[in-house]
Every structure is written in structure tokens, then in C-alpha cells.
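Visitor: Have a look at this one before I ask anything.
The values are calculated or read from the model by the stated rules, or taken from the named source; none is laboratory data. Just so you know, these numbers come straight off a predicted model, no measurement behind them. Positions of Cβ are backbone-derived with ideal geometry, glycine not excepted, and every protein chain shown enters the neighbour counts. Accessible surface areas use protein heavy atoms only, side chains included; no ligands, DNA or RNA. Shrake-Rupley method; radii C 1.70, N 1.55, O 1.52, S 1.80 Å.
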Amino acid sequence: MGGVSFRPRRASVAVAALTALLVSGCATGPDRPGPAPSGATAAPTPTATTPPPDDPAARAAALVGTLGDEDLVGQVLMPYAYGSAATKVSPGSAAGNRALAGVDTPAEMIAKYRLGGLILVGFSADDPTSGNQETTNVDSPKQVHELTTGLREAAGRLPTGAAPFLIGTDQEYGVVTRITDGVTALPSALAAGAAGDPALTEAAWRAAGAELAAMGINLDFAPVADVLATRSTVIGSRSFGADPKRAAAQVGGAVRGLQGAGVGATVKHFPGHGHSAADSHQELPTLTQSPTALAAGAWPPFKAGIDAGAMAVMSAHLDVRSIDPGTPATFSHKLLTDVLRNQLGFQGVVITDGMNMPPAKRWSPGEAAVRALNAGNDLILMTPNVGQAYDGLLAALRGGSLPRARLVDAATRVLTMKFRLAGQPAPAMSTLNDPAHRAAADALAAAAVTVLRGACGTAGVAGPVTVTSSGGRDQTRKLLTEALTAAGARVVPSGGTIVHLVGYGDGAGDLRADAAVTVAMDTPYVLAKAKSPTLLATYSSSRASMTALAGVLAGKARPGGRSPVKVTGLPATTCAS
């Protein structure tokens, strides 16, 4: 697949130059598919000349010039919906959609509110973000492809139908992975940080992007650019590590990979969720670092993502005391406009974190949407009530508390991103789990395996092996057992050399004192309490990571990774560089 063409500087100039011309021309709009909640008005006659087909910003500005209030407001909304199909849903999903948006199906939601996009949500076993995932849209890759096709058909009938409908998801790989079956599973971001090779990261994320594109997803809410400065359980192995420069190189590689496959990348969670151990899915975390400390310790990965051409940045519900105390960054003009736009130079689309999370729900959905847009966000994600958010934005626009220029600017940025994604040929579904894609994931996982205790050359085990784990990891044990057998090792139910697996959420009580080898499949902090003579880390429980671990345990591969976070009392690796 051909790469995406990026012109961030040119696009920003075009947006700024044309916004002023469009502000007075967008006051009214067409009453097109589906009655809007408010009365629609007649559209102005378009006067713009046809823009060059290779200039996304000019195409976006020309289209915005033809849109009315209702369509402009719809373009800045990206809610979730209930159901696994666009037009036919279960009674329970229909009830959920009625409570959320006053309609029965996702397709009806798109038509009624002229939506700019939808986010697909789902669950994985150890997902720390599950608290605000109120439904699931994911059963299988085939079902996802049929869903995205139906969503695009509905959006194609809107006045903005010339621009690709945004369909996004949180496909981070690791503990936050929405589509888990039938696709190539990359190792976690922390594993990539341990491998320390941005080229491997880029290749793996390019493969992942191709598979997302094949399923009809054109925006990934990844990679996580947060530096793991604290032992944050909500960020944890979603981060590339604790070193800002090393994490920055990894973020740049992931962005180039995704976008090289035609999928927009979203670096998150600005201004740096890894600098607080609190969870914004439950409360408003506080960052106490100075602006200088944040610039040096939190923002290099975001800047690397921006420099790599990232189409989007996600704002976070974080209280940055040294810059805008008491105001979540999602609603902070100082952070999103003064810092992100003006200081870091980002000119793409700023997307809120989920507006159904507690820090954003201190205001009504309408007021929260207005505040977020005025702060500098361009796309409102996962509002808890679509109708209230839509009506609130429309009322604020017509009442003057939402400046028309700000809405026009936001809608133009969103449409510019859409046109940048246009024309990318989607790969066939047969590309899913392609051998070349699995090879890219395997290479990254193999480079990540780290030995933190034990001689580098003796990480392998002799004789039969017994694989044990903390509770609830039957599938992972099965993966490792199969991989060990394929590598020539003999696995027995008991009595062999014990290899014990620990993962997300495990602590000292989940360790085994009699294990010869203990393996950390998430953040490796728990290894500080382990008594095993050999300590390994894969940072991930993916098939690729278990295959890589089996190679090390069978003595066929050298564990060349370095821990990207500090583990008390242990080196980053016992292997020489």
C-alpha cells in the first residue's frame, strides 16, 4: 500500500487563511438526511472554485464553505454507538442507542446528527480502560468489516459524504486491544521499548495498520506517548518506557508505520498521563511537575509523534497544576492552544479523551462539548449523550459563546484529516494475520525478551518444563506450551523445571518461590520480589511474545532486550550490549 502524503505546514496555512473567509458563510445549512434536532436552514450557494484533488486542506475549506450549522457541529462529534451492525441491532442495543442519542441504530445516529465519525469499542482481558466502555462493537474481523461498510454507506449520504467517514478504535496492542481475534497481535508498547529498535516498531505497526485498514478502520487512537515516570497501572505497559528520548524514538516509529499503511495515528494522552499514578477513568489526576520538567520529561514523545506527521493528538483529563491549576487539560486553552499548538507546533486534529469519563462529566454533555471545543479540541469523543452535546454546541454557536471561527477551524481540521486519508486503497481482508505481518510482530517480540537475573547465556532450561502462572492465564500457558513444544522442549504437567508467568495486575502474592524462572508479561516491577534464579520479561502475553520466550527457554535465542523501566535491585539486563 502506498504511503500517506503529509503536508502539515501547508495544511495549517491553508486552514488559517481560509477560515476567515468562511466564517460568515457558514451560518446556515441544508436540511439533508435525517431531521436534525434543531430546525435546519437553507444552504448558501457554493462559490468556491474546485480545489486541487491533491490538496486536502483546500478541499476541506471548500467543503466547509457549503455546510450549515448542523453539519459543522456534526463534524466535530465522534461518539460511540451500541450494536455490531450499522442498521440491524438487538433490542438491548436499540435501547442503548435511544438513551444515548434518541435513535435505534448507528446508521440513524450518523444521519440525525451529521456525525464526523464513530469510535468502535470492545474489551480485552486486562483492560484498564474498561470502566468507560459501555458496550462492544467487536465480534470478529469479518463482522467489523461489515459494520464499517454499513457506517460508511450511511455517512456517504451526508453533505460531507465526499470526505471519508472517520472510524476509529483503541488498537494499542497489549492490555488495550479492541480487536483481538483473527488479527496479528503485536507485543505491547513496553515490549517495543525493551527492544529499542524503532525500525522494528515501524515495521510491526505498518503491518498492524494494514490490517486495520482492511477492516475499514482509518483512525487508531494510538500510540501512547506517555512517559512512564510513575508506576501508573492505567498506563503501565501501554507506554514505551521511562526514558523520554527512547520513548520518543518509538513513538515516531509507530506513527510512521501506522500512517504508512493509510491509518491516522493519534498520540496520547497529552500532556502526559504517565506522570501521574492516578487513573482518569476514576478521578482527575494531578500533575505537579513544573513546565520545565514536563517539557524535558513528558513532551519529547509527543513532539516526536508530531514531527513524524501524526494526524491527531488526544488531550487528557489531567490537572497540570503549574500551568492551569484546577482545569483538566481537555478543557485548558493554555495547554491545548498555548502549549500544544503554539509551543510544540501541532497543527492537526486535537481529540478529547472519552467525555464519558468522570473528570469530563462535571459539566453537562452540551457545556462540556462547548468548553472542550473552545479550549482547542477539534473532535469530541464519546460524549455521554449525543443529542445534548449536539444541541449544546448548536445553541452555543448561535448564542455566541462558541465563536463561529473556532467551529469552522475545528471542522476544517477534521475534514482536512479525512481528505488526507482519502484515496488510500484498502487491503483485502486476506491480509489479516498474513505471514509477513506475523514475522514483523515476531521480530519485535524476540528483540524485547530481557533477562534481569541470571547469566545471559544460561537463560534456557534443561530437561522437562512445567509452565505455571497466576490465576486466569490458561490461554497464555497454552500458547507458551505450544511454542515450547515447537521449539523442541518437553512440557510436563508437573515435576519439571518450573517456569512461572505473572502479568497485568499481579503482585508479590502471585509469585512462586520454587520457580526456576519467573517471567513478567507486563510491567516488570513485580520481579523485584521474585526469588527465582532466572528472571525474564516479555512485557506482553501475545502469541509472538510467547513464541519469543519459548526460543529463549529452549536455548535457541539470546534475550537481547533491556528493561525500559527501573526495577528495584535489578539491572536493565544481564546481557552485554
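Visitor: Could you please state how large a percent of the accessible area of segment 69-170 is carbon and sulfur, counting protein chains only and using a 1.4 Å probe?
Guide: Details: 1630 of 3160 Å².
C and S atoms contribute 51 percent here.
Visitor: First select every other residue whose beta carbon is under 13 angstrom from the beta carbon of Thr568; then total the charges, Lys and Arg +1, Asp and Glu -1.
Guide: Taking every Cβ under 13 Å from that of Thr568, the sum is +4.
Visitor: Report, in degrees rounded to the nearest 10, the 0 to 90 angle that the Cα long axis of helix 91-101 makes with the longest principal axis of the chain.
Guide: Rounded to the nearest ten degrees, it is 60.
Visitor: May I ask for the angle, rounded to the nearest 10°, between helix 386-399 and the longest principal axis of the chain, with both axes built from Cα atoms and the value confined to 0 to 90°?
Guide: 40
Visitor: Could you check the spin-label model distance between Ala199 and Ala486? Points 7 Å from the Cα along Cα→Cβ, value in nm.
Guide: Modelled inter-label distance: 2.5 nm.
Visitor: Describe numerically, in nm with one decimal, the distance between label points set 7 Å from Cα along Cα→Cβ at Asp474 and at Ala395.
Guide: With each label placed 7 Å out from Cα toward Cβ, I get 5.2 nm.
Visitor: Quick one: which of 384-390, 134-140, 509-515 comes out on top by average Cβ neighbours within 10 Å, and what's the full order, highest first?
Guide: Details: 384-390: 23.0, 134-140: 17.9, 509-515: 14.6.
So the peptides 384-390, 134-140, 509-515, ranked by packing, come out 384-390, 134-140, 509-515.
Visitor: Accessible area per residue for segment 332-455 in Å², computed with a 1.4 Å probe and the full protein assembly in place, what is it?
Guide: About 31 Å² of surface per residue is accessible.
Visitor: Segment 435-503 to segment 522-575: how many Å between their Cα centroids?
Guide: Between the Cα centres of segment 435-503 and segment 522-575 lies a distance of 10 Å.
Visitor: Let me ask something else. Calculate, in nm to one decimal, what Ala513 and Thr149 gain on full extension: separation in residues at 0.36 nm each, minus their alpha carbon distance.
Guide: Taking Ala513 through Thr149 to full extension adds about 125.8 nm, to one decimal.
Visitor: I need the semi-axes of the equivalent ellipsoid of segment 457-573: take the C-alpha gyration tensor, multiply each eigenvalue by 5, square-root it, list largest first in whole angstrom.
Guide: Over the Cα atoms of segment 457-573, the ellipsoid semi-axes are 20, 16, 14 Å.
Visitor: If packing is taken as the average count of other Cβ atoms within 10 Å, what order do 180-187, 112-119 fall into, highest mean first? Mind dumping the intermediate values first?
Guide: On the way: 180-187: 21.8, 112-119: 26.2.
Result, highest mean first: 112-119, 180-187.
Visitor: Could you pull out every residue, at least 5 positions away or on a different chain, whose amide H is within less than 5 Å of the one on Met314? Hs are placed 1.01 Å off N in the peptide plane, and Pro or chain starts have none.
Guide: Under 5 Å from the amide H of Met314 lie the amide H atoms of Val267, Lys268, Phe270, Ile351, each far enough along the sequence or on another chain.
Visitor: At a probe radius of 1.4 Å, what is the per-residue accessible area of Met521, in Å² to the nearest 10?
Guide: For Met521, solvent-accessible area is about 10 Å².
Visitor: Return the sequence-ordered ³J(HN,Hα) values of segment 206-217 in whole Hz as given by the Karplus equation 6.51 cos²θ - 1.76 cosθ + 1.60 applied to θ = phi - 60°, using x for Gly and Pro.
Guide: Values, residue by residue: 5, 4, 4, x, 4, 6, 4, 4, 4, 7, x, 9 Hz.
Visitor: If you don't mind, there's one more thing I want to ask. Can you tell me the orientation of helix 435-448 relative to the chain, as the angle in degrees between its alpha-carbon axis and the longest Cα principal axis, to the nearest 10?
Guide: Relative to the chain, helix 435-448 is tipped by roughly 60 degrees.
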